[in-house]
1. At a Förster radius of 35 Å, what calculated FRET efficiency corresponds to the Cβ-Cβ distance of residue 498 and residue 641, to the nearest 0.05?
2. If I model a spin label as a point 7 Å beyond the Cα along the Cα-Cβ vector, how far apart are those points for residue 273 and residue 178 in nm?
3. In the P(r) worked out for region 295-417, what percent of Cα pairs fall beyond 20 Å?
4. For a paramagnetic label modelled at 7 Å from the Cα of residue 366 toward its Cβ, which residues of region 210-238 fall within the zone defined by backbone nitrogen distances under 13 Å?
5. What relative contact order, as a whole-number percentage, does region 407-671 give when Cα pairs under 8 Å and 6 or more residues apart are counted?
6. Shape call for region 520-678 from the C-alpha gyration tensor, a ≥ b ≥ c root eigenvalues: rounded (a/c under 1.5), prolate (a/b greater than b/c) or oblate?
7. Going by average Cβ neighbours within 10 Å, how do the peptides 312-319, 554-561 rank, with the highest at the top?
8. Where the convex hull is taken over the Cα atoms of the chain, what is its projected area averaged over directions, in nm²?
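Laboratory data are not the source of any read-out in this text; all were calculated from the coordinates shown. Everything numeric in this text was worked out from a predicted model, so none of it was measured. Every residue, glycine among them, receives a Cβ derived from its backbone with ideal geometry; neighbour counts consider all protein chains shown.
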């Protein structure tokens, strides 16, 4: 009998349904310290190997350790190539498959491009960019690296020394401290190490988050190496990330060619592996409050054709060309899961058969194989391979196999209709040890975005480990995908336009009533929790209903005028285009007041925990100050926790664990049968 390798036995055990194991106990918050997250899967040119990043929290040094790993598509244990380099990201194979380049930071210097042999060894630095490298891409012949770096600061040494440092502020966030500078493309000779600037002027390569969807991406090369295509922002101001177009620059002449006539909201370009077809993301419409679709144009220009219009799903970031250039694959939310869709250039798209796996990242080889990172509500993330679009997924890693030992709660999709007929869905997680006929306390967790969704991932999204922690405590956990969520099609996502609070409120409340009608809920113990737009939803809910036992508003937007005036990373555009105008537009001015929870904060009676990062420019901490004082001045039980240096969520593992622990402890303290509103 042929022996079964021990490594493959471990993978088989990791793939078995977790409910089949003799679980020892529910998972605890500290158990998540050993969770390995996977990122950036990249096929080698011949398709026989996959490079990826394994990311694990390092609590001793309060950072995330990143390891560059390579695994064979034919099996075997992954091999570590590079360890312990800070900020390691963007692994990219050289076209000959002999090297892997990546970005990392050494000795607290600016991030630079490093290269390591695919067989292992000591990485060596390739770039020397005084302002650091933000993105990069190999040329098809491997002789050149195109990279993106900010221009030198506008302020000279003399001006700094003499404090002549006043600067103009335009569409920038409230924490800006110096004049913004654009980012541009440079070309680095791999052989000689010399670099020359390719793009110039006040426009910038997109380097801040867009308002709705899309992503920051590196320039992409044409198959012949003559052109680079990138997302160009009209200026360097961090609130103008809606003013973007897809453009091409000729590598030899430096001439820039605008490819479409859309002045805004174009993102994430991708060249086909042959020919001159260029894909990019653009809103389906009406307006930007809608699904992002895949459009295809060419170097000849034109507005492009919406090839995924019939898909009726939001391609928020992850998509890739198939090697024959006849179609693309894309990851999108669907109901309470995520799926990989195949979208031909002509015809309707379809879903790949992945079983219960929920993919988050996808890569396509030159031979047509797919690699993706996937997980599930009770399955930790691993790297998977499909040899073709019709083959079954195979696990290539078992880095998180230890998590099979814990007991996990059961999560299911629930659906209902709001009073106005809006169809909604969400995730209902039953308590560990659930017994039919018993009523349980309920935690309602509202996701952010709102152009996102609550999906059955293991430890992803804003809810993180809280689903498992609350279920282990004996609570039901309800995650409603209210209107504005991107998991049920364009109409559901667009339904939030000019209706930021009342419509989503009716979705959430009718969902709770649906659960109550099933006899599941202890009506005296219901908590509202949310982050970002979910924090907005929580503040809105507790100011309009008063049955809540307690609430948590984490980085929550409560004042649309402050979002418009103070926020960065596209939130000015998000607010304007979601509410139908600025605070000074007569058509929309009243909605800035009637749609803001701070307007109704005097009606809140619920004990509330408020958390906010001190460096948050997505939702300025000033909004949390306003909500805190609105409650504290009326002696409503409230606690306000600031997270030093954090942006929109904590960026280091110690703070992140403390963030979740604070939320958990606040809810538990008020959800005990004996506790009452103070």
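1. Values: r = 33 Å, r/R0 = 0.94.
Working from the Cβ atoms, E equals 0.60.
2. 4.3 nm
3. Working: 3709 of 7503 pairs.
Roughly 49 percent, once rounded to a whole number.
4. Flagged as within label range: 223-224.
5. Numbers: 579 pairs, mean separation 43.8, N = 265.
The value is 17 percent.
6. Working: a/c = 2.15, a/b = 1.35, b/c = 1.59.
In terms of gyration-tensor shape, oblate.
7. Working: 312-319: 23.9, 554-561: 26.8.
The packing order, highest mean first, is 554-561, 312-319.
8. Details: hull surface 125.5 nm².
Mean projected area for the chain: 31.4 nm², to one decimal.
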